[in-house]
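Report on one structure; see the data block that follows.
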Amino acid sequence: MARPSGQTSGKGDGDVERALGAFLAGQGYDRVAIENLARIGGGTSRRQWRLDAVLEKDGRVERRQLVARGDPPGSHLWSISRSAEFGLLRALGRAGVPVPQAFWVSTDPQILGSPFFVMERIDGETAPRPLLRDEAYAQARQAAPRQLAAALARLHGLDTADPELAALPSTGDPPALGAVLHFQTALRRAALEPRPVLELALRWLLGHLPATSRRAVVHGDFRVGNFVYGPQGVRAILDWEIAHLGDPMEDLSWLALRTWRFGVDEREVGGLCRLEDFLRDYESAGGPPVDRRALRFWEVLANLSWAVITILQARNHLDGYQRDVELASIGRRAAENELELLELIEGG
């Protein structure tokens, strides 16, 4: 979904350290010491800190590597709540999806300036280019497609009636139409100039809605860059803040966006492998059979939605919510998706 960012709170690191120490002490520990607290940089939509916590209880001492994950004010406009994300991580962990373990959650906005939860910190890399190019990650490049396919199959197999998932929003029923209408509305609110290619894509999508769809939990931003990896491959899938109930094709098509290939365009899935190979791995891991014709619809929608999101990111800067040249420059990338949309529509 579109994701405008809000502004950060004024809490300094000292305030955060004291607040987190008091919060962790309230989880039943006799003594808590916070070490190596640091704001995690990168991204445009999240406030989070890394820390090491020394926790003592009944004479036993343990050290945990943690992340405290919260939101800037205004993020409720696009993101699921922290308690919803916390519950989702717990459900995913039980299902065998590689995710950080979620430990504690707080809905009190007074502690860190917004609701937050604390989860395990998993060391590794997230940057796409080393994974796609460095010899040190040659084995990871080979293993990652199968690991990601298995993770998606388990995700899409979650029981949507699980109480932990009750707070997840839905794209509508049917999911395909709901998603198209969502981005149609977002485009017409955000665009500062005519976007004829995007309007053409909207008409194409409304005329090619899939005959059938399946309802599942989807990540919403499943791609290279949103998972931690090491030399042996994927360690954990991250960034679940726009998870929702939708069609599993949404995740498959999003992963195959040209934007996430980082120059390795001949390998459609994140620069790692061909799409057909990935779909076979996904189906072999228990994912539902993939209707290739329906997948073309979702590929067009993925390109449309990313184009709209880039426009929204630019508006976030232009409207003064978050002055950031990165956001402004992202808005110019809509043209790349417009070219891709013309090629997909012509071929479909």
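Taking residues in segment 156-183 that are under 27 Å from ARG195 (Cα atoms), and partners anywhere that are β-branched (Val, Ile, Thr) and not in a helix (DSSP H, G or I), the pairs with Cβ atoms closer than 6 Å and at least 6 places apart or on different chains are GLY178/THR171; ALA179/THR171.
Checking each residue in segment 236-255 for being more than 22 Å from GLY70 (Cα to Cα) and in contact with a Gly (Cβ under 8 Å, 6 or more places away or on another chain) picks out GLY246, PRO248, GLU250, ASP251, TRP254, LEU255.
Let's see how each residue does on (1) of a type in the set (D, E, K, R); (2) more than 17 Å from the chain's Cα centre (by Cα); (3) over 22 Å from GLY225 (Cβ atoms); (4) in the same structural domain as HIS219 (by TED's automatic domain parsing):
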| position | (1), (2), (3), (4) |
| --- | --- |
| ARG50 | yes, yes, no, no |
| GLY93 | no, no, no, no |
| VAL97 | no, no, no, no |
| ILE111 | no, yes, yes, no |
| LEU152 | no, no, no, yes |
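Of all the criteria given as (1) in a strand (DSSP E or B); (2) modelled with pLDDT under 95; (3) surrounded by 14 or more Cβ atoms within 10 Å (Cβ to Cβ), the one not satisfied by ALA38 is (3).
Residue-by-condition table, conditions (1) closer than 18 Å to PRO98 by Cα; (2) basic (Lys, Arg); (3) surrounded by 23 or more Cβ atoms within 10 Å (Cβ to Cβ):
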position	(1), (2), (3)
ARG235	yes, yes, no
LEU252	yes, no, yes
LEU272	no, no, yes
LEU275	no, no, no
ALA285	yes, no, no
ARG296	no, yes, no
ILE309	no, no, yes
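Looking across segment 318-339 at every residue that is outside any helix (DSSP H, G or I) and touching a residue at least 60 places away in the same chain (Cβ under 8 Å), the one that is nearest to ASP265 (Cα to Cα) is identified as ASP324.
In this entry, VAL300 is excluded by the filter for residues that are among the hydrophobic types (A, V, I, L, M, F, W, C), in a loop (DSSP other than H, G, I, E, B) and either under 20 Å from ALA176 (Cα atoms) or out of contact with any Cys (no Cβ under 7 Å at 6 or more places or on another chain) (or both). Just to be sure before I move on: is LEU279 aliphatic (A, V, I, L, M), touching a residue at least 12 places away in the same chain (Cβ under 8 Å) and crowded, with 19+ Cβ neighbours inside 10 Å in the structure I sent? Yes, satisfied.
The sole residue among GLY263, GLY287, GLY271 that is under 19 Å from the mean Cα position of the chain (by Cα) and assigned to a loop (DSSP other than H, G, I, E, B) is GLY271.
The values are calculated or read from the model by the stated rules, or taken from the named source; none is laboratory data. No experiment lies behind these values; they were computed from the predicted model shown. Positions of Cβ are generated from backbone atoms using ideal geometry, with glycine treated the same way; all protein chains shown enter the neighbour counts.
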